[in-house]
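The values are calculated or read from the model by the stated rules, or taken from the named source; none is laboratory data. Since the structure is predicted, the reported quantities are computational estimates derived from the model, not experimental observations. Note: ideal-geometry Cβ built from the backbone for every residue, glycine included; neighbour counts use all protein chains shown. Side chains are part of the model used for accessible areas, which takes the heavy atoms of the whole protein and leaves out ligands, DNA and RNA. Shrake-Rupley method; radii C 1.70, N 1.55, O 1.52, S 1.80 Å.
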Amino acid sequence: MTAVPANEGSESVTVPTRRQQLEHHLKTCPTDREGYQELAAIYREENRPLQAAKVLRQAHELFPDDMSMLWELEEAQLARSVQQLVEVRDLATRLGNSSADHELERATTDWANCRLKVCRARLARDPSLTYLHMVLGEALYDLERYDEAMEELEPLVDSETHSPGAYLLMGRCQLLLSQDMAAMKSLRQASIRRAVVGPAKTRSAALRLLIDLAERHGLHASLQFYQQSLQAIS
């Protein structure tokens, strides 16, 4: 790495000054890999993911085989997408009109598509990152592509770590597809399976959905059991 000089006569360098130094330095030393990473990190600290992504994209073009650089670029892209979603959501809350609602829908779709693009690319590079199937399932759920979401979750149903969350999301998809009996089976797997005990939050969410299903279908004994199970968690 080419050394980037700090200000003479100062014991420390503030973040904005360091950023300016790096911006200037990379114009004259455009192959400084660590310089790109440090500058991108400063942009992230300043909550400027768009600028971080721009810097990391330049670095990725110079170092296309550097997988850590590519990972950081993807993280910056995800951060920028969620930042846009938060900004638009706040705007929609303040304005409360159809135009703002349309922009919120667009930003929500963009956020889901960004997750799909990044996670699919990461799984293609490293299939062992199986937890990403959960993220993909959630993104497809947000896009109302419920059948695809359930297919994406299939690799997780035998995982002790991820199966409760996968079954909960599968149950939600099945409910929206009017597959109540299949949903009940999935939600039971998420909430009362003894072999794999999921997090309390996951079990509670599944049990609340089961209570609603039992009430709608007149399953009184099941309703009582689900209510007791939920009380035991609370």
Heavy-atom accessible surface of the chain: percent carbon and sulfur, 1.4 Å: 51 percent
Accessible area expressed per residue, the chain, with surrounding protein chains retained (probe 1.4 Å, Å²): 57 Å²
Long-range Cα-Cα pairs in the stretch 126-198 (distance over 19 Å), rounded percent: 28 percent
Under 29 Å from the Cα of residue 27 - lysines, other chains or at least 8 residues apart: 54
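Contact order normalised by length for the chain, with contacts defined as Cα pairs under 8 Å and 6 or more residues apart; what percent is it? Write down the numbers at each step before the final one.
Numbers: 248 pairs, mean separation 19.9, N = 234.
Contact order relative to length: 9 percent.
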Label-point gap, in nm, between residue 176 and residue 197 - each point 7 angstrom along Cα→Cβ: 3.1 nm
Share of alpha-carbon pairs per 10 Å distance bin for the chain, given as whole %: 7, 22, 24, 22, 14, 7, 3, 0
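Which order, highest average first, do 85-91, 38-44, 109-115 follow once you tally other Cβ atoms within 10 Å for each residue and take the mean per peptide? Write down the numbers at each step before the final one.
Details: 85-91: 15.1, 38-44: 21.0, 109-115: 18.3.
Result, highest mean first: 38-44, 109-115, 85-91.
If Lys and Arg each add +1 and Asp and Glu each add -1, what is the summed charge of the other residues whose beta carbon sits under 13 Å from the beta carbon of residue 160? Don't skip to the end; give the middle numbers.
Working: positive: 193, 194; negative: 158.
Taking every other residue near residue 160 into account, the sum is +1.
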Near-label residues of the stretch 123-148 by backbone N, under 19 Å of a point 7 Å along Cα→Cβ of residue 110: 139-140, 142-144
Qualifying lysines (Cα of each under 26 Å from Cα of residue 185; at least 8 residues distant if same chain): 201
